[in-house]
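Following: one structure in structure tokens, then a few remarks.
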Amino acid sequence: MGLQIGDTAPDFEAETTEGKIRFHDWLGDSWGVLFSHPKNFTPVCTTELGATAKLGPEFQRRNVKVIGLSVDPLDAHAEWSKDIEETQGTALNFPLIADPDRKVADLYGMIHPNASDTLTVRSVFVIDPDKKIKLTLNYPASTGRNFDEILRVIDSLQLTSQHQVATPANWKSGDEVIIVPAVSDEDAKKKYPEGWRAEKPYLRYVPAPKG
Ligand code: BEZ
């Protein structure tokens, strides 16, 4: 059984493009996104790392630290970084883990042997400040991920960690949210004195709480 939502994200030591790190110390009190990509000097991965770097200010605004991983060595990361800057118009602004012995990849189940024995799939782990895994995703090598979606999920996770609400399909920051079923109408009246919009007794919408 691989790592699941609610598990503690395993700690590790690794070499990165920004020096040696111990993962939990590096995360500190921040949220984290740990993501793997199959291989350096490959086209889809190049676009993914560029897209992530471009979203750097958005991750920062949400107090999220991002870290990438591939099973390539550190000198290859340094060489490939130049190509990313040249082709994607953005320098990397987050560390890349060099994991040639697959220590971290194995710890996080990023190698799916029936897809490839040697390369990681495109895994994503979103980790909260208590080091709990809040989201896992796995994409095949052939499909680049949508990093705007990862920001959208983080917006939902951060909101729902503070308030007893959930977010509906295709929700984005600022949209109405759903009062969770665990909150009775009686309690909802205290929390939302302005009331709510009910489409069914169990489907109650309110404006997104602030802060
Ligand atoms: C890519 O990033 O383009 C890629 C990497 C590994 C296998 C297939 C595609």
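The table below lists the values:
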| read-out | value |
| --- | --- |
| Filter result (in contact with a helix residue (DSSP H, G or I) (Cβ under 8 Å, 6 or more places away or on another chain) and more than 22 Å from Asp101 (Cα to Cα)) within the range 1-31 | Trp31 |
| Unique residue being of a type in the set (D, E, K, R), in contact with a Lys or Arg (Cβ under 9 Å, 6 or more places away or on another chain) and either under 24 Å from Leu159 (Cβ atoms) or within 16 Å of the ligand (Cβ to nearest atom) (or both) when the list is Asp99, Asp83, Asp29, Asp72 | Asp72 |
| Tally, over the range 141-160, of residues that are of a type in the set (Phe, Trp, Tyr) and either at pLDDT below 95 or more than 16 Å from the ligand (Cβ to nearest atom) (or both) | 0 |
| Subset of the range 35-49 that is more than 6 Å from the ligand (Cβ to nearest atom) and polar (S, T, N, Q) - its residue that is nearest to Pro10 (Cα to Cα) | Ser36 |
| Yes/no for Ser116 being more than 19 Å from Val64 (Cα to Cα), at pLDDT 95 or above and either more than 21 Å from the chain's Cα centre (by Cα) or among the hydroxyl-bearing types (Ser, Thr, Tyr) (or both) | yes |
| Considering residues of the range 183-211 that are part of a loop (DSSP other than H, G, I, E, B) and within 27 Å of the chain's Cα centre (by Cα) only, the residue modelled with the lowest pLDDT | Gly211 |
| Qualifying residue in the range 146-167 (condition: more than 22 Å from the chain's Cα centre (by Cα) and open to solvent by 30 Å² or more (accessible area, probe 1.4 Å)) | no |
| Count of the range 7-56 residues which are within 23 Å of Ala141 (Cβ to Cβ), open to solvent by 20 Å² or more (accessible area, probe 1.4 Å) and not in a helix (DSSP H, G or I) | 5 |
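The values are calculated or read from the model by the stated rules, or taken from the named source; none is laboratory data. Note that the structure is a prediction, hence the values are computed from the model and not measured. FYI the Cβ positions are ideal-geometry reconstructions off the backbone, even for glycines, and counts take in every protein chain you see. Heads up: the accessible areas ignore ligands, DNA and RNA and are worked out on the full protein's heavy atoms, side chains in. Shrake-Rupley method; radii C 1.70, N 1.55, O 1.52, S 1.80 Å.
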